1. Considering only segment 1-54, state which residues are modelled with pLDDT of 90 or more and farther than 15 Å from residue 85 by Cβ.
2. For segment 54-68, enumerate the residues that are over 21 Å from residue 102 (Cβ atoms) and in contact with a Ser or Thr (Cβ under 7 Å, 6 or more places away or on another chain).
3. Condition check: aromatic (Phe, Trp, Tyr), at pLDDT 90 or above and closer than 19 Å to residue 17 by Cα. Does residue 107 satisfy that?
4. Quick one: how many residues across segment 62-83 are surrounded by 14 or more Cβ atoms within 10 Å (Cβ to Cβ), more than 14 Å from residue 21 (Cα to Cα) and hydrophobic (A, V, I, L, M, F, W, C)?
5. Which one of these does residue 22 not meet: (1) in contact with a Phe, Trp or Tyr (Cβ under 6 Å, 6 or more places away or on another chain); (2) at positive phi?
6. Could you please find all residues in segment 95-112 being within 11 Å of the chain's Cα centre (by Cα), touching a residue at least 40 places away in the same chain (Cβ under 8 Å) and either outside any helix (DSSP H, G or I) or buried (at least 18 other Cβ atoms within 10 Å of the Cβ) (or both)?
7. Any residue at all in segment 62-79 that's of a type in the set (Lys, Arg) and within 14 Å of residue 30 (Cα to Cα)?
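The values are calculated or read from the model by the stated rules, or taken from the named source; none is laboratory data. Quick caveat, the model's predicted, so the values are computed rather than measured. Neighbour counts run over all protein chains shown; Cβ positions are idealised from the backbone, glycine included.
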Amino acid sequence: MERNVATVIEKRNFSRVDFKKEVEIHVSGRKYSGFIENLSLKGAYIKTPHKLQAGDQVEIVIHLAGDDDFDIYLQGKTVRLTEDGAGILFEKLDLGSFSHLRNIIAYNYGDDDAVMEEFFNYHKGES
């Protein structure tokens, strides 16, 4: 992973980092390409030429390396639309994908403890 492609851009309920990576977007049985612009433990902004609709249920695949063991699989829905992309709220991910996602965000944010605290606070209802 290249550290120079990611910077912290905003503090919301979850630390959001600028992370540039090509992704697959699966919607209604079709596969489209897109490009992550930023990422958090709970969502991402993805640029894509395909016009997503509000509330679309999507599956996102982030290929981190040439090995499928490093892929991140996320299920979510579109919650914000722009002219060239969509904000995706993650609703489901497996433990391995969560671990890879957490590592990406903690590494690029620079504070593993803060990222985990945000996650635990969210699940305790404090966020």
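1. Across segment 1-54, the qualifying residues are 26, 28, 29, 30, 31.
2. Taking segment 54-68 first, the residues over 21 Å from residue 102 (Cβ atoms) are 54-57, 66.
The answer is 54, 55, 56.
3. no
4. 2
5. (2)
6. Result: 101, 104, 105.
7. no
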